[in-house]
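Below is one structure, written out as structure tokens; the observations come after it.
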């Protein structure tokens, strides 16, 4: 019977021999790789085989990094969007202010040019707000009697007549616009010199020439200016342009509507013309007895006589 140890207990070459063999093999492989690059292909194959394992091992870290970056990016983008929206609103407000300032500057330049062109002594005024009465066309301006304003002064803008000062307080004053139904202004047609009286048409924003005959020599497009016969408005100031004429053979007068020349409802800066050059009072009438009586006294006597 053969007594041999099991394979597990069999002893091969001596450990020193094996160490020397593997050491020599390693040195030979190192030299061959360094000199002749024989192991590059093997290294490449092993790298390809190990790459998925490396990616799988690094996947959790990359996932956490991407999640953190995502939330940080979302927060940063939200802050940036909010900042951009705020800046957009501010830019829009600045643009609106710039447009308003540019428009005001242009109007002031035109107003200064009109002041120099007219040659009348005037006071610049600014519209504060509209009157409280919705059925009248009035505005309140920022100067009053302390700045030399008096009732009756004509008020104009760079394009023409706007209205008239009707009430003056120490610090502010009230301007009744031409379009007010209670306002009237003597005018003249530039083309032929025809004189008339323009009345305000109320909320329509138009003017109406009343008491002109149906066959009056006036046409659409005619320019209307102040006649100056009332002593309040200087002659030659632009008032309106005839826009529509309704002639009815059965009516004694024509219905004539005019478009105001001035920006009555839009102008913010105006000029109050000085109350100069007013027409003198009506001359006194002489009675047959040689006594002079004023027009006012005769009017009062006529009223008393009619009442009696």
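The values are calculated or read from the model by the stated rules, or taken from the named source; none is laboratory data. Note that the structure is predicted; figures quoted are calculated from it, not measured. Here the Cβ positions follow ideal geometry from the backbone for every residue, glycine too, while neighbour counts run over all protein chains shown.
State all residues of segment 174-185 that are within 19 Å of residue 207 (Cβ to Cβ) and part of a strand (DSSP E or B); if no residue qualifies, say none.
175, 176, 177, 184, 185
Could you check how many residues of segment 126-147 are without any contact (Cβ under 8 Å) to a residue 24 or more places away in the chain and part of a strand (DSSP E or B)?
Of the residues in segment 126-147, 2 are without any contact (Cβ under 8 Å) to a residue 24 or more places away in the chain and part of a strand (DSSP E or B).
Could you say which residue among 253, 211 is in the same structural domain as residue 162 (by TED's automatic domain parsing) and either surrounded by fewer than 13 Cβ atoms within 10 Å (Cβ to Cβ) or modelled with pLDDT under 85 (or both)?
Just one listed residue meets the conditions, 211.
Any residue in segment 95-111 that is at pLDDT 80 or above and either in a helix (DSSP H, G or I) or within 30 Å of residue 159 (Cβ to Cβ) (or both)?
Scanning segment 95-111 turns up no residue that is at pLDDT 80 or above and either in a helix (DSSP H, G or I) or within 30 Å of residue 159 (Cβ to Cβ) (or both).
Looking at 41, 75, 24, 69 in this structure, which one is over 30 Å from residue 266 (Cα atoms) and modelled with pLDDT of 80 or more?
Exactly one residue qualifies, and that residue is 24.
Scan segment 130-144 for residues that are touching a strand residue (DSSP E or B) at 6+ places or on another chain (Cβ under 8 Å) and under 20 Å from residue 182 (Cα atoms) and jot them down.
130, 131, 136, 137, 138, 139, 140, 141
Please enumerate the residues belonging to segment 150-168 that are surrounded by 21 or more Cβ atoms within 10 Å (Cβ to Cβ) and either without any contact (Cβ under 8 Å) to a residue 24 or more places away in the chain or within 21 Å of residue 206 (Cβ to Cβ) (or both).
154, 155, 156, 157, 158, 160, 161, 162, 163, 164
What number of residues within segment 148-173 are outside any loop (DSSP other than H, G, I, E, B) and out of contact with any strand residue (DSSP E or B) (no Cβ under 6 Å at 6 or more places or on another chain)?
Looking only at that region, the number is 1.
With surrounded by fewer than 18 Cβ atoms within 10 Å (Cβ to Cβ), within 31 Å of the chain's Cα centre (by Cα) and at pLDDT 90 or above as the only criterion, which of 195, 223, 191 stands out?
Going through 195, 223, 191 in turn, the sole match is 223.
Please go through segment 127-149 and give me each residue that is closer than 21 Å to residue 185 by Cβ and surrounded by fewer than 13 Cβ atoms within 10 Å (Cβ to Cβ), ordered by number.
Answer for segment 127-149, where residues must be closer than 21 Å to residue 185 by Cβ and surrounded by fewer than 13 Cβ atoms within 10 Å (Cβ to Cβ): 133, 135.
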